[in-house]
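The values are calculated or read from the model by the stated rules, or taken from the named source; none is laboratory data. If you're wondering where the values come from, they're calculated on a predicted model, not measured in any experiment. Methodologically, a virtual Cβ is constructed for each residue, glycine included, from the backbone with ideal geometry; neighbour enumeration extends over all protein chains shown.
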């Protein structure tokens with residue numbers, strides 16, 4: 001089959017690799033009909049998340065049709081022919097964490113638990129195509145993928161709804177929604193959201209769904225800010241203002257946004273000396289992340305407010321204003337998304353036409369174009385917001 | 001405190017008192033005396049004496065004794081009943097399913113069993129064990145019998161965790177080298193024993209809770225490189241199997257997952 005492989009920093013190639021096979025009783029094989037490049041894949045492309053290896057198959061946003069199931073899967077849970085969206089987190093369904101719906105904290109699904117444990121104390125669940133620290137599972141930017149614990153994760157979806165409306169249930173829609181849920185939004189709240197990429201866009205819409213009065217979106221690309229405005233958000237282009245924190249104070253009666261959402265993560269852009277230091281330290285691998293946005297969010301948040309972090313951070317960060325966090329009485333929440341908690345309710349919203357997630361798509365291309373699209377997406381060329389790949393275009397034939 | 005934890009703390013205390021032997025006391029007292037004398041001299045020679053004496057005292061007090069025994073202790077919370085956990089463990093032939101360094105366990109009778117483990121560079125280490133003490137659904141203790149390659153003491157306890165959290169399994173194992181090939185095995189375990197035991201119990205949890213042990217071995221991937229092969233060779237979670245050649249292991253592991 002064809003698969004997008006990580007062959008080194010800024011080096012993705014489409015390789016022909018063997019089709020996946022069932023390795024464990026609760027595995028299934030899915031024939032992929034649509035798959036995407038996620039903003040978080042760009043952190044891997046740029047080489048900032050440790051434990052990628054040459055030859056790793058990329059991708060964690062995919063959907064398709066079940067073509068094979070393992071002996072341990074009951075037909076009432078999943079069978080050949082089912083159309084499914086596969087969540088990017090892998091969960092066993094029966095451990096302490098799964099039983100508490102903390103699906104992305106599953107204790108069993110990461111075979112390389114011990115590596116993540118060195119960095120984080122404990123390991124989150126295994127993820128598709130996202131470093132060996134997170135399990136080393138082959139990803140879904142391919143024609144087929146093996147899905148472990150397939151009777152827990154994949155969401156069965158009905159025919160008749162196009163892939164474009166459903167594919168983002170695999171990650172970014174629930175992730176934006178989870179970012180907003182974690183912000184503990186109350187009626188009347190002003191929510192500031194850093195980053196108007198795909199997750200930020202869904203966080204903006206989710207914040208309104210959850211009762212936000214006002215959403216202020218922050219980015220530096222006008223086309224992304226316009227997309228935020230179309231959802232009803234006020235916007236700040238941070239390159240046009242001297243000080244984002246001061247601007248947010250000025251906009252909120254000097255109270256500050258009640259809830260702040262960092263939908264940017266470890267590769268934040270910014271300016272000034274501290275941002276420059278972050279860049280140097282990240283390049284030198286002294287600091288894994290550039291937490292520029294997180295600092296601003298903590299500074300800007302109103303006293304007693306909430307900072308929610310759906311943006312990906314990988315390791316150890318400097319100059320986090322813990323004094324502000326403590327003295328202002330903030331709450332801070334993060335996490336990979338507990339996918340199985342949100343996929344079904346959000347599917348219902350799509351079915352009821354409350355939202356059409358396909359608004360975020362800017363590019364639909366054959367999988368053979370994936371390597372160049374990584375660069376286009378990273379460099380925000382061609383007004384790129386979201387790339388959907390068709391694994392079967394270009395006349396590729398099933399092996 | 002449960003029996004496993006109590007025993008471990010007891011071991012540590014015993015180890016300390018044994019380790020403060022005459023030689024180390026000598027270094028500590030002699031070195032300190034020299035250092036104090038040196039300091040009171042207030043001269044270049046005094047500085048030298050003080051420095052040297054201090055170093056001797058420091059070395060004496062921190063020098064590690066060569067312990068012949070290795071013990072590992074940990075616990076794991078598993079979402080199952082103590083009955084299920086006990087039953088699975090008491091079927092001793094199940095143990096190699098989640099204990100990576102264990103090649104096989106053959107049950108000889110109700111109390112005795114033959115164990116084969118994988119030693120350094122894939123050498124086989126054998127011992128015969130007998131169950132010394134057990135209470136159904138609560139604990140099992142065993143130890144190796146004379147004539148084994150290594151002396152082993154083990155104990156595992158199963159206790160119901162509060163608020164429907166399942167079962168807390170506490171396990172302890174102690175290895176002591178006997179003459180011959182067992183000593184290399186016991187020594188190699190010094191650092192690795194606790195790590196290996198945590199990995200083993202994590203696999204046990206996956207097996208009990210999800211019915212399988214998660215893996216990526218055998219999945220598809222693009223071409224691997226030299227770096228990956230070397231890293232995988234040193235993977236502490238994958239002991240090298242008996243009789244295998246390093247070059248073969250390198251080639252296999254490079255493309256394992």
task: Might you let me know whether segment A:182-195 holds any residue that is more than 20 Å from residue A:385 (Cβ to Cβ), over 17 Å from the mean Cα position of the chain (by Cα) and without any contact (Cβ under 8 Å) to a residue 24 or more places away in the chain?
output: no
- prompt: Which one is farthest from the other protein chains (Cβ to nearest Cβ) among residues in segment B:240-257 that are surrounded by 14 or more Cβ atoms within 10 Å (Cβ to Cβ) and not in a helix (DSSP H, G or I)?
  reply: B:242
- request: Mind listing whichever residues of segment B:132-146 are in a strand (DSSP E or B), in contact with a strand residue (DSSP E or B) (Cβ under 6 Å, 6 or more places away or on another chain), without any contact (Cβ under 8 Å) to a residue 60 or more places away in the chain and over 12 Å from residue B:105 (Cβ atoms)?
  value: B:132, B:133, B:134, B:140, B:141, B:143, B:144
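Would you check which residues across segment B:58-99 are modelled with pLDDT under 65 and buried (at least 18 other Cβ atoms within 10 Å of the Cβ) and list them? Can you show your working first?
The first filter runs over segment B:58-99 and keeps only residues modelled with pLDDT under 65, leaving B:58-68.
Residue satisfying the conditions is B:60 alone.
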- prompt: Filtering segment A:79-94 down to residues that are over 20 Å from the mean Cα position of the chain (by Cα) and part of a loop (DSSP other than H, G, I, E, B), which residue is farthest from the other protein chains (Cβ to nearest Cβ)?
  reply: A:81
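So which of A:189, A:222 is farther than 21 Å from residue A:313 by Cα and crowded, with 19+ Cβ neighbours inside 10 Å?
Values: A:222 fails: crowded, with 19+ Cβ neighbours inside 10 Å.
On inspection, the qualifying residue turns out to be A:189.
Mind listing just one residue for me: the one in segment A:19-45 that is over 30 Å from residue A:73 (Cα atoms) and touching a strand residue (DSSP E or B) at 6+ places or on another chain (Cβ under 7 Å) and, of those, farthest from the other protein chains (Cβ to nearest Cβ)? So that I can check it myself, show each step before the final result.
Step one: filter segment A:19-45 for residues over 30 Å from residue A:73 (Cα atoms), giving A:39-45.
Next cut, touching a strand residue (DSSP E or B) at 6+ places or on another chain (Cβ under 7 Å) only: A:43-45.
Details: A:43: 19, A:44: 14, A:45: 15 Å.
Only one residue tops the list, namely A:43.
In the set A:5, A:95, which member is more than 13 Å from residue A:146 (Cβ to Cβ) and touching a helix residue (DSSP H, G or I) at 6+ places or on another chain (Cβ under 7 Å)?
On the way: A:5 fails: touching a helix residue (DSSP H, G or I) at 6+ places or on another chain (Cβ under 7 Å).
After ruling out the rest, the residue left standing is A:95.
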message: For the condition surrounded by fewer than 16 Cβ atoms within 10 Å (Cβ to Cβ), outside any helix (DSSP H, G or I) and modelled with pLDDT under 95, what is the one hit in B:117, B:179?
response: B:179
- prompt: Looking only at segment B:217-239, which residues are within 7 Å of chain A (Cβ to nearest Cβ) and either in a helix (DSSP H, G or I) or crowded, with 21+ Cβ neighbours inside 10 Å (or both)?
  reply: B:219, B:220, B:221, B:222, B:228
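What residue, among those in segment B:202-216 that are part of a helix (DSSP H, G or I) and touching a strand residue (DSSP E or B) at 6+ places or on another chain (Cβ under 8 Å), is farthest from the other protein chains (Cβ to nearest Cβ)? Outline the logic, then answer.
Of all residues in segment B:202-216, those part of a helix (DSSP H, G or I) come to B:202-210.
Subset that is touching a strand residue (DSSP E or B) at 6+ places or on another chain (Cβ under 8 Å): B:202, B:204-205, B:208-209.
On the way: B:202: 6, B:204: 11, B:205: 6, B:208: 9, B:209: 5 Å.
Top of the filtered list is B:204.
List the helices (runs of 4 or more DSSP H) that sit entirely inside segment A:207-299 and contain at least 2 residues that are touching a helix residue (DSSP H, G or I) at 6+ places or on another chain (Cβ under 7 Å) and either in contact (Cβ under 8 Å) with a residue 24 or more places away in the chain or closer than 28 Å to residue A:360 by Cα (or both).
Working: elements: A:222-230, A:244-251, A:273-283.
Fully inside segment A:207-299 and qualifying: A:222-230, A:244-251.
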- prompt: What do you reckon, is residue A:73 more than 14 Å from chain B (Cβ to nearest Cβ) and more than 29 Å from residue B:231 (Cα to Cα)?
  reply: no
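Which members of segment B:84-95 meet the condition of being closer than 25 Å to residue B:143 by Cβ and outside any loop (DSSP other than H, G, I, E, B)?
Filtering segment B:84-95 down to residues closer than 25 Å to residue B:143 by Cβ leaves B:85-95.
Passing the criteria: B:85, B:86, B:87, B:88, B:89, B:90, B:92, B:93, B:94, B:95.
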field: Residues located in segment A:119-130, provided they are touching a residue at least 40 places away in the same chain (Cβ under 8 Å), within 12 Å of another protein chain (Cβ to nearest Cβ) and in a loop (DSSP other than H, G, I, E, B)
entry: A:125, A:129
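When the residues of segment B:154-167 are narrowed to those that are touching a residue at least 60 places away in the same chain (Cβ under 8 Å) and assigned to a strand (DSSP E or B), which ends up nearest to the other protein chains (Cβ to nearest Cβ)? Write out each step before concluding.
Looking only at segment B:154-167, we keep the residues that are touching a residue at least 60 places away in the same chain (Cβ under 8 Å), and these are B:155-161, B:165-167.
When the remaining residues are screened for being assigned to a strand (DSSP E or B), the result is B:155-160, B:167.
On the way: B:155: 24, B:156: 20, B:157: 19, B:158: 16, B:159: 16, B:160: 14, B:167: 11 Å.
Among residues in segment B:154-167 that are touching a residue at least 60 places away in the same chain (Cβ under 8 Å) and assigned to a strand (DSSP E or B), the one nearest to the other protein chains (Cβ to nearest Cβ) is B:167.
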- prompt: Just one of the numbered conditions (1) out of contact with any helix residue (DSSP H, G or I) (no Cβ under 6 Å at 6 or more places or on another chain); (2) closer than 30 Å to residue A:15 by Cβ; (3) more than 10 Å from chain B (Cβ to nearest Cβ) is not true of residue A:133; which one?
  reply: (1)
message: All but one of (1) out of contact with any helix residue (DSSP H, G or I) (no Cβ under 9 Å at 6 or more places or on another chain); (2) at pLDDT 95 or above hold for residue B:140; state the number of the condition that does not hold.
response: (1)
query: If you scan segment A:95-114, which residues turn out to be free of Cβ contacts under 8 Å to residues at least 12 places away in the same chain and either part of a loop (DSSP other than H, G, I, E, B) or closer than 27 Å to residue A:65 by Cβ (or both)?
result: A:100
- prompt: Among (1) under 14 Å from residue A:109 (Cβ atoms); (2) in a loop (DSSP other than H, G, I, E, B); (3) more than 10 Å from chain B (Cβ to nearest Cβ), where does residue A:149 come up short?
  reply: (3)
message: What's the total number of residues in segment A:300-350 that are assigned to a strand (DSSP E or B) and in contact with a helix residue (DSSP H, G or I) (Cβ under 8 Å, 6 or more places away or on another chain)?
response: 7
